[in-house]
């Protein structure tokens, strides 16, 4: 790090000498740098009405607190029914319903034929064991903090007016101003950058009169009869306990027990304040006699004894952390562009980066809705993990990518055991899992394979950022154990003299029958790229290339071409022509992945254009926004790449706080973050380029002068 600093310092000094030699002022270099504060600050979120699709999430990747226009979680029912629910979430708090029937994962297993041998897959989704292990474990809803009336009754929407709410994105500070019953209320809300803690400052004459109070309440769990955006379960007060374990004049600590799960909640307040238990699991904090209420609320897995930061301390720590995030990572400034889409594109970029830190930067790889709300029972879906994490490397925040890779290292022994039990080598990664890494049953989950190369690709991105022997040593097991599985899964078909993938297999589109699906295009290219990178790691570490891996690279089945275009699946070449069965996963063979000998660029160009002509920009919504733009940019179709990331179709709309709904089920997944992350990956590739990209600035953007793209600190993809 010291050597890097000296190198950068020398480069800066040389630039200054060059400017002096050319007769330019020595501060020209500094003047040309992006004004990071101005860039971020012009995209602060401003709300003047209740918008259930634009709540504000504050957090640090391992903790998030999502607030409505009151700055708290006052209108839970309305937001849940009409948009994004108001949740308090952590990555570390998990719960399982009691396993009263002593079910085992093996009870959800069914044998499938794998080229002449029987392998058990957890495919009995609708069996008792399948249902149980899909739902368990699941995250714990940590509790809600809201404003209530004097008697503890809920506020109604008609009571609030004159809303003026601002998220200061530069500081991670939410300032909410409004009237309740005609009286002014101001709330500042901020999350700690390291702790699972939210800090709140409320000011209003309604506090002094006792007509407004803060309420803290805790549900049992979620109603997991619904897998995506399940409601809180308030109906079982007898199934959990909320106990006061300590209390003083300005502090209370609660113990929360849900079956076998425990966590602690600690609330500290300043000045006047009275803590009152209204009923089981529901408490009020009353500051009658004072017109302000300042408190912090902390959540922890064990009883907390250390001093908590104050509101002021939390606010300062948040500001410092966010400033570092915005100034040390990558940036793209489009303010000099004349294209009318530039301002909205820049807003999407800034707010998506904000949401990535809040939702995706923690130490357990995120679910597809991050910490905003529950989806797929709160499980991590590893097949889309590249989409979640690669953008951190591209935007020069590789350390946040590594947070998630630590979990892969942690569950490596379990992944190795799962592979061995099925007769494979290496590590067989779970497609859908909680923090324990146990596979989740499903009719699709067990047969997905495009998750397995991800640890190789992501480890390679870390090495590109930190090309040292220490990096190789740190991630070699992830790379080599993943590669061993890829090699043992590829089956040599003596009839055709090829290594093939599947059956059984579910390709990216998940719609084909697993026992008849073979050689999907994208997965074939993934296998090639993964083994190719793993061989490079062996060579970097002074090891000989694995001859078996080289044999697979030479003889692996190539993607199927029909009518001069790639099909998605060798065994279902007519999918392109079937109404309702069309998919574009084959585009990821060049875009998501770099150029390899597996892909002919001209064939991919024809494939891409056929998809574009058939469905237009409708093909590139949801996370396909990133998928399509990555491919368009690598093919040199800059205009289409920009059109995709600027897509303004209703199903591609970025709401005021930056969240995007999932088109397939917009109200069940109203905060679908693979859109934001894949979008960021595409924009970074367009701005920073890729290995072999054309020379010049922002090679993925049009070069006609309408786009003035200023780029700092971005990393190229392979």
Inset, instruction - Obtain the nm distance between the two label points defined at residue 498 and residue 516 by a simple spin-label model: each point lies 7 Å from its Cα along the Cα-to-C-beta direction. - result: 1.9
Inset, instruction - Highest first, please rank the peptides 648-655, 303-310 by the mean number of other Cβ atoms sitting within 10 Å of their residues. - result: 648-655, 303-310
Inset, instruction - Round to a whole angstrom and tell me the spacing of the C-alpha centers of the range 64-101 and the range 251-275. - result: 18
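How would you rank 623, 537, going from fewest to most other Cβ atoms within 10 Å of each one's own Cβ?
Working: 623 23, 537 19.
With the sparsest Cβ surroundings first, the list reads 537, 623.
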Legend entry - Pairwise label distance in nanometres, residue 703 with residue 181, each label 7 Å out on the Cα-Cβ vector: 6.7
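I need to check one value: relative contact order of the chain, counting alpha carbon pairs closer than 8 Å and at least 6 residues apart, in percent.
On the way: 1529 pairs, mean separation 92.1, N = 718.
This gives 13 percent for the chain.
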Legend entry - Spacing of the two label points (7 Å from each Cα toward its C-beta) at residue 159 and residue 259, in nm: 3.5
Inset, instruction - Calculate, for residue 209 and residue 102, the FRET efficiency according to 1/(1 + (r/R0)^6) with r their C-beta to C-beta distance and R0 51 Å; round to the nearest 0.05. - result: 0.35
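List the relative contact order of the range 531-685 as a percent without decimals, with contacts defined as Cα pairs under 8 Å and 6+ residues apart. Walk me through the numbers before you get to the answer.
Details: 181 pairs, mean separation 25.4, N = 155.
Normalised by residue count, the contact order of the range 531-685 is 16 percent.
Per residue of the chain, what 222 nm ellipticity follows from adding -39500 (n - 2.57) for every DSSP H run with n ≥ 4, rounded to the nearest 500?
Calculated from helices alone, the mean residue ellipticity at 222 nm is -10000 deg cm²/dmol.
Under the classification rounded if a/c is under 1.5, otherwise prolate if a/b is larger than b/c and oblate if not, where does the range 142-220 fall, given a ≥ b ≥ c as square roots of the Cα gyration tensor eigenvalues?
Values: a/c = 2.04, a/b = 1.24, b/c = 1.64.
Because a/c hits 1.5 or more and a/b fails to exceed b/c, the range 142-220 counts as oblate.
Let me make sure I get this right: for the chain, a, b and c are the square roots of the gyration tensor eigenvalues over alpha carbons, sorted descending. Under 1.5 in a/c it's rounded, otherwise prolate if a/b > b/c, else oblate. Which is it? Walk me through the intermediate numbers first.
Details: a/c = 1.83, a/b = 1.30, b/c = 1.40.
Oblate shape, in that a/c is at least 1.5 and b/c is the bigger or equal ratio.
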Inset, instruction - Please report 491, 121 as a ranked list, fewest other C-beta atoms within 10 angstrom at the top and most at the bottom. - result: 491, 121
Legend entry - Linear extension gain, residue 291 paired with residue 112, 0.36 nm per residue minus alpha-carbon span: 57.7 nm
Legend entry - D (Stokes-Einstein, µm²/s), Kirkwood Cα radius, the range 344-712, 1.567 mPa s at 4 °C: 62
Inset, instruction - For residue 491 and residue 543, calculate 0.36 nm times their separation in residues minus their Cα-Cα distance, and state this gained length in nm to one decimal. - result: 16.2 nm
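Report the relative contact order of the range 344-712, percent, no decimals, based on alpha-carbon pairs under 8 angstrom and at least 6 residues apart. Intermediate results must be reported in sequence, preceding the final value.
Values: 617 pairs, mean separation 56.2, N = 369.
The normalised contact order for the range 344-712 reaches 15 percent.
What is the calculated FRET efficiency for residue 246 to residue 274, with r their C-beta to C-beta distance and R₀ = 22 Å, to the nearest 0.05?
Details: r = 16 Å, r/R0 = 0.74.
Result of the calculation: an efficiency of 0.85.
Suppose R0 equals 56 Å. What FRET efficiency, 1/(1 + (r/R0)^6) with r the Cβ-Cβ distance, do residue 41 and residue 574 give to the nearest 0.05? Walk me through the intermediate numbers first.
Numbers: r = 52 Å, r/R0 = 0.93.
Computed FRET efficiency for residue 41 and residue 574 comes out at 0.60.
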Legend entry - Global geometry of the range 568-718, whether rounded, prolate or oblate, following the gyration tensor of its Cα atoms and the 1.5 cut on a/c: oblate
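Quick one: work out the % antiparallel among DSSP beta bridges in the chain, nearest 5. Don't skip to the end; give the middle numbers.
Details: 97 of 100 bridges.
So the antiparallel bridges in the chain amount to around 95 percent.
To make sure I understand, if each residue's beta carbon is the centre and we count other beta carbons within 10 Å, what order do 517, 156 fall in, fewest to most? Walk me through the numbers before you get to the answer.
Values: 517 21, 156 11.
Least to most surrounded, the residues fall as 156, 517.
No lab work stands behind these numbers, since they all come straight from the coordinates. From a predicted model like this one, the values you see are computed outputs, not experimental measurements. We place every Cβ from the backbone using ideal geometry, glycine too, and count neighbours over all the protein chains shown.
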